[in-house]
Amino acid sequence: MTQSPPPPAPPHRTHRIVLVILVVLGLAGVLFALRRMLLMAAPRCLAGRWRGCYDTENGVVLMALVGVPLAGLVVWALARRRRAAGVTSAWRLSLAEVGVVYGTVPFVWLTMMPGPGAGTVPGRFSLVPLRDLVTMGPLGIGGNLVIFAALGFFAPMRFAALASVPRVLALGAGCSALVEVAQYVLRLDRVSSVDDVLVNATGAVLAALASRRWWRTGAEEPADPHRPAPTPAG
């Protein structure tokens with residue numbers, strides 16, 4: 001008597017496992033690449049000191065990485081609550097909501113850090129396109145590309161109204177413009193550049209294209225357990 005082979009794992013479960021593995025490997029790679037500068041900020045951050053931790057790039061990056069397990073726990077709690085309510089795509093929606101916030105706030109925090117002359121030097125701006133791009137360098141361009149990458153990646157997964165490239169481009173450009181205006185108004189000793197807006201918006205679009213297969217469509221509406229079932233006609 002031969003035994004039938006076990007049924008294969010559902011496709012969505014396999015995709016979820018692969019996604020978790022990729023996230024873990026990505027975090028491990030980031031920690032390995034940034035291990036030296038993160039260790040510089042670790043003593044002050046672990047001691048709960050504001051100066052030397054949350055007012056430095058190393059400290060903000062370190063605390064963002066340390067908080068990833070907590071963010072994952074929030075995703076799990078939201079998804080479990082949605083599944084109990086009968087919401088379809090519970091994991092995707094929960095991951096998108098947490099990803100938009102957790103993947104964007106630390107980078108915006110970094111861009112809003114004041115320079116040494118904050119409050120004393122007047123605001124500066126550069127409105128000539130592509131003039132500052134040549135002075136950014138690979139590191140500056142890469143940093144600007146990732147500022148709103150999480151927003152571009154996750155927003156179309158959560159909101160069907162944003163599931164198009166032009167709308168993601170407008171969203172990224174609008175958010176970036178707000179940051180540049182805030183830098184100028186608050187006199188943070190930073191240059192508010194139109195090139196920053198262009199690169200930030202480009203990063204949002206590139207990230208959105210990477211998540212296109214998971215974009216939410218208008219037909220996917222969350223189930224409302226409090227909404228009465230429709231009465232059949234007749």
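Each value in this text was obtained by applying a stated rule to the coordinates, not by laboratory testing. The structure displayed is predicted, hence computed values, not measured ones. Here Cβ is always computed from backbone atoms with ideal geometry, including for glycine, and neighbour counts include all displayed protein chains.
Relative to one another, the C-alpha centroids of segment 102-153 and segment 164-202 are positioned 8 Å apart. Put a dot 7 Å past the Cα of residue 81, heading toward its Cβ, do the same for residue 217, and the two dots end up 2.9 nm apart. Extension gain, residue 131 to residue 169: 0.36 nm times the residue separation minus the Cα-Cα distance gives 11.6 nm.
Per the Debye calculation on segment 104-219 with a single equal scatterer at every Cα and no solvent contribution, log₁₀ I(q)/I(0) for q = 0.14, 0.18, 0.21 Å⁻¹ amounts to -0.58, -0.87, -1.09.
Once both labels are positioned 7 Å from their Cα atoms along Cα-to-Cβ, the gap between residue 184 and residue 141 label points is 2.5 nm. Counted by neighbouring Cβ atoms within 10 Å, the residues 75, 24, 168 run from fewest to most as 24, 75, 168. Residue order for 164, 193, fewest other beta carbons within 10 angstrom first, comes to 164, 193.
Tell me the chymotrypsin sites (Phe, Trp or Tyr not before Pro) within segment 117-187 that lie in a loop according to DSSP and have at most 14 other beta-carbon atoms within 10 Å.
Numbers: sites: 125, 148, 153, 154, 159, 184; in loops: 148, 159.
Taking segment 117-187 and a limit of 14 other Cβ atoms within 10 Å, no loop chymotrypsin sites (Phe, Trp or Tyr not before Pro) are found.
Ordered by the count of other Cβ atoms within 10 Å of each Cβ, fewest first, 151, 139 give 139, 151.
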